[in-house]
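Comments concern the structure below.
The values are calculated or read from the model by the stated rules, or taken from the named source; none is laboratory data. It should be emphasised that the depicted structure is a prediction, and the values quoted were computed from it without experimental measurement. All Cβ positions, glycine included, derive from the backbone under ideal geometry; neighbour counts span all protein chains shown.
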Amino acid sequence: MNTEILSHLADTLEARREAAAGSSYVASLFKQGEDAILKKVAEESAEVLLAAKDGDRLHLVREMADLWFHSMVLLAHHGLRPEDVLMELKRREGISGLDEKLARKPQP
């Protein structure tokens, strides 16, 4: 996987966090706040599901790119980067999904 693309995009998103709202789509999204970002992530999630249901692979890839992009905007809003998510995925590597879910539950 080419993580350079994700890192470069994260750098761009960070730069736009403080940019004037009229300078870019991302800057305006940041200025609108977390609720607007969450709404975009939800919209893109629904579009991914519909594209998958349609069975058009190119449409699915394009919608998934939109979802990843807006998810990265959400991460940037919280001061996080894709590397944080990649480290978490690395941590989970080799761990059963069932065991990992069980470890997240609060113990009584």
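The numbered conditions (1) at pLDDT 95 or above; (2) over 18 Å from the mean Cα position of the chain (by Cα) are all true for K101 except (1). Per this entry, H8 is counted among residues that are within 25 Å of M87 (Cα to Cα) and at pLDDT 95 or above. Among residues of the stretch 82-102 that are closer than 19 Å to L9 by Cβ, those with a beta-carbon under 9 Å from a residue that is exposed (fewer than 10 other Cβ atoms within 10 Å of the Cβ) at least six positions away or on a different chain give the pairs L86/M1.
Restricting attention to the stretch 43-56 and to residues that are part of a helix (DSSP H, G or I) and acidic (D, E), the residue that is surrounded by the most Cβ atoms within 10 Å (Cβ to Cβ) turns out to be E44. Summed over the stretch 13-42, the residues that are under 22 Å from A65 (Cβ atoms), without any contact (Cβ under 8 Å) to a residue 12 or more places away in the chain, of a type outside the set (A, V, I, L, M) and in a helix (DSSP H, G or I) give a count of 4.
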